[in-house]
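Please read the structure below before turning to the comments.
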């Protein structure tokens, strides 16, 4: 199983994401974290778990100078199955 687990703490203009990318398969899995203000993407970062591993993360996402700040975070996981066919899953979180 490949998954992302953790917490989102919303701040005035940013959010803190803390948790783990957990990869129970032998191929690489990358989690994409994207922050939005409405439909506009403001910030993005990634974390990768290679092989059977757990990659911890803790970071602030967003723009501290953006009036109104971010109000949506999406997390998607891109991974490669045994035949190197890409797969992706996305989850949306709102303030």
Considering 56, 64, which residue is in a loop (DSSP other than H, G, I, E, B) and at pLDDT 95 or above?
-> 64
Answer yes or no: is there a residue in the range 77-93 that is part of a strand (DSSP E or B), surrounded by 12 or more Cβ atoms within 10 Å (Cβ to Cβ) and either touching a helix residue (DSSP H, G or I) at 6+ places or on another chain (Cβ under 6 Å) or modelled with pLDDT of 85 or more (or both).
-> yes
Scan the range 22-30 and give yes if some residue there is at pLDDT 95 or above and surrounded by 15 or more Cβ atoms within 10 Å (Cβ to Cβ), otherwise no.
-> no
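Give me a count of the residues in the range 9-31 that are assigned to a strand (DSSP E or B) and within 14 Å of residue 72 (Cβ to Cβ). I'd like the intermediate steps shown before the answer.
Of the range 9-31, the ones assigned to a strand (DSSP E or B) are 9-10, 14-23, 29-31.
Still in the running and within 14 Å of residue 72 (Cβ to Cβ): 10, 14-15, 17.
The number of residues fulfilling the criteria is 4.
Can you confirm whether residue 15 is surrounded by 15 or more Cβ atoms within 10 Å (Cβ to Cβ) and modelled with pLDDT of 95 or more? Spell out how you get there, then give the answer.
On the way: surrounded by 15 or more Cβ atoms within 10 Å (Cβ to Cβ): yes; modelled with pLDDT of 95 or more: yes.
Against the criterion (surrounded by 15 or more Cβ atoms within 10 Å (Cβ to Cβ) and modelled with pLDDT of 95 or more), residue 15 qualifies.
The values are calculated or read from the model by the stated rules, or taken from the named source; none is laboratory data. Model, not experiment: these values are computed from the prediction. Here the Cβ is made from the backbone with ideal geometry for all residues, glycine too, and neighbour counts use every protein chain on show.
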